[in-house]
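**Q** The structure under discussion is supplied below as structure tokens; questions concerning it will follow.
The values are calculated or read from the model by the stated rules, or taken from the named source; none is laboratory data. Predicted model, so just to flag it, every value in this text is computed and none were measured. We place every Cβ from the backbone using ideal geometry, glycine too, and count neighbours over all the protein chains shown. Quick note on the areas: whole protein, heavy atoms, side chains included, nothing else; ligands and nucleic acids left out. Shrake-Rupley method; radii C 1.70, N 1.55, O 1.52, S 1.80 Å.
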Amino acid sequence: QVQLVESGGGLVQAGGSLRLSCVASGSIFSINVMGWYRQAPGKQRELVARVRNAVGENYADSVKGRFTIYRDNAKNTVYLQMNSLKPEDTAVYYCNTDPPALRWWGQGTQVTVSS
């Protein structure tokens, strides 16, 4: 079973940037789609970005143009570069496959954006 460990979150002012990392304990080379999800207090978890091997990326409208997802299969790592952060981006961020593998959810990393 693969374990996913997210890191890189923190407290940042609106307009700032963060880069999140998700390191897998096993190879992600054969996993076609990896995604970043987030869950804000009182809200359902949502997919914000996904990346498909050799195809490209897709983004939720709320983050399009500000977030960039990319993967390094050699390092078994998926990244999320977040720029122009807004207070509404505040959430716990998780990575997983798309669709998500229920047993692969990690602890996530907290992102807090102050206004």
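So that you can scan it fast, the table gives a plain yes or no per residue for (1) aliphatic (A, V, I, L, M); (2) surrounded by fewer than 20 Cβ atoms within 10 Å (Cβ to Cβ):
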| position | (1), (2) |
| --- | --- |
| Asn32 | no, yes |
| Trp36 | no, no |
| Ala40 | yes, yes |
| Arg50 | no, no |
| Tyr59 | no, yes |
| Val63 | yes, no |
| Leu80 | yes, no |
| Lys86 | no, yes |
| Pro99 | no, yes |
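**Q** Using the structure shown, decide if Thr68 is touching a Cys at 6+ places or on another chain (Cβ under 7 Å) and either surrounded by fewer than 19 Cβ atoms within 10 Å (Cβ to Cβ) or closer than 16 Å to Ser17 by Cβ (or both).
**A** no
**Q** What are the pairs, 6+ residues apart or on separate chains, where a residue within region 89-115 that is of a type in the set (D, E, K, R) has its Cβ under 7 Å from a residue that is part of a strand (DSSP E or B) and open to solvent by 20 Å² or more (accessible area, probe 1.4 Å)?
**A** Asp98/Leu47; Asp98/Arg50
**Q** Return only the number of the condition from (1) of a type outside the set (Lys, Arg); (2) open to solvent by less than 70 Å² (accessible area, probe 1.4 Å); (3) under 10 Å from the mean Cα position of the chain (by Cα) that Asn73 does not satisfy.
**A** Here Asn73 meets the rest and fails (3).
**Q** Starting from region 12-39, take each residue that is among the aromatic types (Phe, Trp, Tyr) and list its partners that are open to solvent by 20 Å² or more (accessible area, probe 1.4 Å) and assigned to a strand (DSSP E or B), counting only C-beta distances under 6 angstrom and pairs at least six apart or across chains.
**A** Short answer, once both residue conditions are applied: Tyr37/Leu47; Tyr37/Tyr94.
**Q** Counting only residues that are under 18 Å from Ser27 (Cα atoms) and out of contact with any Asp or Glu (no Cβ under 7 Å at 6 or more places or on another chain), which one in region 103-114 is most open to solvent (accessible area, probe 1.4 Å)?
**A** Arg103
**Q** Return the pair list, or none, for Cβ contacts closer than 6 Å from residues in region 56-80 that are within 15 Å of Tyr37 (Cα to Cα) to residues that are open to solvent by less than 60 Å² (accessible area, probe 1.4 Å) and of a type in the set (Lys, Arg), at least 6 apart or on different chains.
**A** Pairs that qualify, where the first residue is within 15 Å of Tyr37 (Cα to Cα) and the partner is open to solvent by less than 60 Å² (accessible area, probe 1.4 Å) and of a type in the set (Lys, Arg), are Val78/Arg71.
**Q** Would you confirm whether or not region 43-50 contains a residue that is in a strand (DSSP E or B) and either touching a residue at least 60 places away in the same chain (Cβ under 8 Å) or more than 23 Å from Val113 (Cα to Cα) (or both)?
**A** No, region 43-50 has no match at all.
**Q** Considering only residues that are open to solvent by 90 Å² or more (accessible area, probe 1.4 Å) and part of a strand (DSSP E or B), which ones fall in region 11-30?
**A** Residues satisfying the conditions are Leu11, Gln13, Arg19.
**Q** What's the total number of residues in region 75-115 that are farther than 17 Å from Glu6 by Cα and either among the polar types (S, T, N, Q) or in a helix (DSSP H, G or I) (or both)?
**A** Total meeting the criteria: 6.
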